2 protein chains.
Amino acid sequence: MYGAGDVRIEERPDPKIQQPTDAVVRVVLSCVCGSDLWPYKSMPAAGTGRPMGHEFLGMVEETGSDVSGIKAGDLVVAPFTYCDNTCDYCARGLHISCRRGGRYGFDGVDGGQGEAVRVPQADGTLVALPVSADSALLPSVLALSDVMGTGHHGAVTAGVGRGDSVLVIGDGAVGLCAVIAARRLGAEQVILMGRHKARTDLGREFGATDVVAERGEEGVARVRELAGGDGVSKVIEAVGTRQTLETALAAVDDGGTISRLGVPQYQEGPVGPSMIMRNITLTGGASPARAYIEELLPEVLNGALEPGRVFDQRFPLDEVPHAYQAMADRRALKALITL
Amino acid sequence: MYGAGDVRIEERPDPKIQQPTDAVVRVVLSCVCGSDLWPYKSMPAAGTGRPMGHEFLGMVEETGSDVSGIKAGDLVVAPFTYCDNTCDYCARGLHISCRRGGRYGFDGVDGGQGEAVRVPQADGTLVALPVSADSALLPSVLALSDVMGTGHHGAVTAGVGRGDSVLVIGDGAVGLCAVIAARRLGAEQVILMGRHKARTDLGREFGATDVVAERGEEGVARVRELAGGDGVSKVIEAVGTRQTLETALAAVDDGGTISRLGVPQYQEGPVGPSMIMRNITLTGGASPARAYIEELLPEVLNGALEPGRVFDQRFPLDEVPHAYQAMADRRALKALITL
């Protein structure tokens, strides 16, 4: 990406092992993330492009001398940040803050929207898959690299449990995965706030019990009515605007929890006296996706979880610019990149 | 209180039973709260005074026909809001949001800084004490009406547990009680941020392992150094200014929790992308003090907890205006009102 609206397909040097902890992975499936759309809308024009993409699965081509957990020929999935899976942050499940971790597309590491990626900390990062490279399950496995792990993080940090009434704000891929996660953790009522019918219909199939298309005060009133008057006990905020945070605060019951997953497009938020008098908790954050792969993978492999249904359009690698535009225009929910 | 700096002692009608769920309590001990200082500093002048005080302990004089749990002659302690202790909010420990609850000094209910109080929802609100009205333990019991229950709420909502490194911001009565609470819940390191030596010395006696007198960036650097470089896992913020919230955010480790107890003197806070990338949780709120009395009372009665040591000055009722001024000038940590 060279700037807002400017995504180009270019030749880059073949990735090679640089550190003994690296692996080179030949990408089989990748995708475009909702968070890629923020720079697609606002990145200043730059003389050098930035490699894009942080969700991929592929075949291991080569491993460094210190890599022992995976080998050439393994099909692997990568979480959206790399990590050693051994440091103290990883040990407590906060892989996103790994001491040796980092982001794809930065610091000389390739992006996932490409033919191959040098993956640092390969032993900690990559999870070998017991399926073949032509399995129909692969899109759902790929979802574990980000959107499903992120939706799950929202439900976990919100403390969703049996019988809860949960509001999910946002009908993007993360919001829809949060619906799956909330139901999986026992929520009785899952209200999905969104106005794109094809998406909210998929949300219903994922387990949403109610859909609210209204926004602002009207939307809040509808949510409160559906939840029995007092508001919901848990909110998963999967958009990231100031308005959706305000909606979350207005829709949550006293003593409730709001988990934020969308990257905030604001610096300041309304966290004054009302939040204190009502004992509202604000939690969530960037998902430690790696932490959740082992837990969720079996249910993806046995078909119980189908987060891959969020991929509603496929694009070959050389059409990635169209994939961005389709998602920016909301013609595509989430674009799968095939190689 | 008739306005900022204007506290008067006046005759008021004797409280009488108005509802069958009321009790009339003759006050034995009361006190001035740090939160009373906000109106003392800023309340607009008013033609009619507002009854003050929400922390008291006293002798039941009379009970309404529906009151069965307490009787005339019982010595009782009242939490700082009244509540029925039976509604769904109370049932989940959120007595501060009780459906039949309310605040002393409002809606025709007396304040605790007076000779007697009509207490609504007496059965739910008042806890009978197995001690006599001249017990030396009474100041520590009185602390359960607010400051100790509030400090405990901070430690509970922050999730303080064995081995934690906890920062308590503020050397007021709530901050000092939070030190007691954090140690009681197993914190290994409790860093107290405050610059009033007599108070921080008491904080050390309550179990603070370190005291940081510096503020701002310098204070944060010192806290991080004491906590081993990455910051503390839990912060209890017992002041309520924008600056102390910023200090909390800067001093907490990734994945950590900030519990706010002070009434925020700000409407907007810095809850943007950094909080999300670092998975910081913002929790806490007004304490459901009633919820904690039964849990903490035995340890107060056996002398294991001595929160009453925060009362460093005593004033008879007719000197309450001086008590306010002494606290506003920081000459008194917390003023006990005797009757």
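Counting only the heavy atoms of the protein chains, how much of residue A:107 is accessible to a 1.4 Å probe, in Å² to the nearest 10?
The accessible area of residue A:107 comes to roughly 140 Å².
Please report how far the C-alpha centroid of the stretch A:2-43 lies from that of the stretch A:63-113, rounded to the nearest whole angstrom.
Taking the Cα centre of each part, the stretch A:2-43 and the stretch A:63-113 sit 15 Å apart.
Loop-only trypsin sites (Lys or Arg not before Pro) in the stretch A:240-284, please: DSSP not H, G, I, E or B, and at most 10 other Cβ atoms within 10 Å. Intermediate values should be presented prior to the final figure.
On the way: sites: A:242, A:260, A:278; in loops: A:278.
Answer in residue order: no site qualifies.
Expressed in nm to one decimal, what extension gain is obtained for the pair residue B:66 and residue B:295 from 0.36 nm per residue of sequence separation less their Cα-Cα distance?
That works out to 79.8 nm of additional length.
Which Cys residues of chain B have no other Cys beta carbon under 4.7 Å away?
B:31, B:33, B:87, B:90, B:177
What GluC sites (Glu not before Pro) in the stretch A:1-83 are in a loop by DSSP, with at most 10 other Cβ atoms within 10 Å of the Cβ? Walk me through the numbers on the way to the answer.
Working: sites: A:10, A:11, A:55, A:61, A:62; in loops: A:10, A:11, A:55.
Filter output for the stretch A:1-83: A:10, A:11.
Output the 0 to 90 degree angle, nearest 10, between the alpha-carbon long axis of helix A:216-226 and the longest principal axis computed from the alpha carbons of chain A.
80 degrees
With each label point set 7 Å from Cα along the Cα-Cβ vector, what nm distance links residue B:322 and residue B:217?
Reported label-point gap for residue B:322 and residue B:217 is 4.6 nm.
Could you list the GluC sites (Glu not before Pro) in the stretch A:208-256 that lie in coil according to DSSP, counting only those with at most 14 other Cβ atoms within 10 Å of their Cβ?
Here the sparse-neighbourhood loop sites are A:214.
Residue-wise, which Karplus ³J(HN,Hα) couplings in Hz belong to the stretch A:254-268, taking 6.51 cos²θ - 1.76 cosθ + 1.60, θ = phi - 60°, and x for glycine or proline?
Rounded to whole hertz, the list is 3, x, x, 10, 10, 10, 9, 10, x, 5, x, 9, 9, 9, 10.
Per the helix-only calculation at 222 nm, which mean residue ellipticity applies to chain A, given -39500 (n - 2.57) for every DSSP H run of n ≥ 4 and division by its residues, nearest 500 deg cm²/dmol?
On the way: 12 runs with 101 residues, N = 339.
My calculation for chain A gives -8000 deg cm²/dmol from helical runs alone.
Could you rank A:322, B:54, B:196 by how accessible they are, 1.4 Å probe, largest area first?
Reading off the accessible areas and sorting them downward yields A:322, B:196, B:54.
Where the centroid of each part is defined by its Cα atoms, how far is the stretch A:169-186 from the stretch B:229-273 in Å?
With the stretch A:169-186 and the stretch B:229-273 each reduced to a Cα centre, they are spaced 29 Å.
With the cut-off at 29 Å, tell me which of the pairs A:41/A:234; B:41/B:197; A:16/A:41; A:234/A:334; A:41/B:234; B:234/B:334 have Cα atoms farther apart than that.
In this structure, A:41/A:234; A:16/A:41; A:41/B:234 exceed 29 Å between Cα atoms.
Can you tell me what share of the DSSP beta bridges in the protein assembly as shown is antiparallel? A percent to the nearest 5 is fine. Let's see the in-between values first.
Numbers: 48 of 98 bridges.
Just about 50 percent of them are antiparallel.
Using only the Cα atoms of the stretch B:234-301, each taken as one equal point scatterer with no solvent, compute I(q) by the Debye sum, divide by I(0), and report log10 of the ratio at q = 0.12, 0.17, 0.19, 0.21 Å⁻¹.
One equal scatterer on each Cα of the stretch B:234-301 leads to -0.38, -0.66, -0.76, -0.85.
Can you work out the Karplus-derived ³J(HN,Hα) for every residue in the stretch A:158-171? Use 6.51 cos²θ - 1.76 cosθ + 1.60 with θ = phi - 60°, whole Hz, and x for glycine or proline.
3J(HN,Hα) across the stretch A:158-171, in whole Hz: 5, x, 4, x, 3, x, 5, 10, 10, 9, 10, 9, x, 9.
Treating the point 7 Å from Cα along Cα-beta-carbon as the label, what are the nm separations from residue A:18 to the other copies, to one decimal?
Going from nearest to farthest copy, the values are 7.3 nm.
The values are calculated or read from the model by the stated rules, or taken from the named source; none is laboratory data. In this text the structure is predicted, and so the values were computed from the model without any measurement. Using ideal geometry, Cβ is built from the backbone for each residue, glycine included, and neighbour counts are taken over all protein chains shown. Calculation scope for accessible area: heavy atoms of the full protein, side chains included, ligands and nucleic acids excluded. Shrake-Rupley method; radii C 1.70, N 1.55, O 1.52, S 1.80 Å.
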